[in-house]
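Asker: Encoded as structure tokens, here's the structure I'll be asking about.
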Amino acid sequence: QVQLVESGGGLVQPGGSLRLSCAASGTIFSAAVMGWYRQAPGKQRELVAAIPPGGNTNYADAVKGRFTISRDNTKSTVYLQMNSLKPEDTAVYYCNAKYAVWSYWGRGTQVTVSS
């Protein structure tokens, strides 16, 4: 069983920055594809960024150049650095771990971008 706990969300003004963290329990972290997803009210959950064990990242077009995903396998933690935040980035952000046939989700952390 894997547990994922997100932190770092909050209220920020447009143009500001936040750093999300996701701490994972269990032993699969270093072999898992880690990802951040988000879900805005009335919208489907969408992939924001992902980082496989090899470290080749991919990003949604909407966040390219503004968000950076990284992982620290020694701490079993994945991060999402979010810069130049926009009101349309407002959503609940979820951490995800994919390993073999299994997919695990955190409970999410709210990010609100508003003046």
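The values are calculated or read from the model by the stated rules, or taken from the named source; none is laboratory data. Given the structure is predicted, the values throughout are model-derived calculations rather than measurements. Positions of Cβ are backbone-derived with ideal geometry, glycine not excepted, and every protein chain shown enters the neighbour counts. Surface areas here come from the heavy atoms of the whole protein model, side chains and all, with no ligands, DNA or RNA. Shrake-Rupley method; radii C 1.70, N 1.55, O 1.52, S 1.80 Å.
Asker: For segment 50-109, go through all pairs of different Cα atoms, get the mean of 1/r, take its inverse, and jot down that Kirkwood value in Å.
Answerer: With all distinct Cα pairs of segment 50-109 included, I get 12.9 Å.
Asker: So what is the accessible area of the chain per residue, in Å², with the probe set to 1.4 Å?
Answerer: 54
Asker: With a cap of 16 neighbouring Cβ atoms within 10 Å, and only residues DSSP puts in a loop, list the trypsin sites (Lys or Arg not before Pro) found in segment 46-109. Mind dumping the intermediate values first?
Answerer: Values: sites: 64, 66, 71, 75, 98, 107; in loops: 64, 66, 75, 107.
Within segment 46-109, the qualifying trypsin sites (Lys or Arg not before Pro) (loop, at most 16 other Cβ atoms within 10 Å) are 64, 66, 75, 107.
Asker: Is there a quick way to get the dipole size of segment 1-97? I mean about its Cα centre, with the Cβ of Lys and Arg at +1 and of Asp and Glu at -1; what is the value in debye to the nearest 20?
Answerer: On the way: 9 positive and 6 negative charges, 11 e Å.
For segment 1-97, the charge dipole is close to 60 debye.
Asker: Excluding same-chain residues fewer than 8 positions from residue 64, which lysines have a Cα within less than 23 Å of its Cα?
Answerer: Correct list for residue 64: 43, 86, 98.
Asker: I would also like to ask the following. From Cα pairs below 8 angstrom and at least 6 apart in sequence, can you work out the relative contact order of the chain, rounded to a whole percent?
Answerer: RCO, the chain: 37 percent.
Asker: Please report, in whole Å³, the volume per residue of the convex hull around the C-alpha atoms of segment 1-47.
Answerer: So the per-residue Cα hull volume is 116 Å³.
Asker: Over all alpha-carbon pairs of the chain, lay out the pair-distance distribution in 10 Å bins, whole %, shortest bin first.
Answerer: 15, 51, 29, 6, 0
Asker: Here's a follow-up. Rounded to the nearest percent, how much of the accessible area of the chain (1.4 Å probe, protein heavy atoms only) is carbon and sulfur?
Answerer: That fraction is 48 percent.
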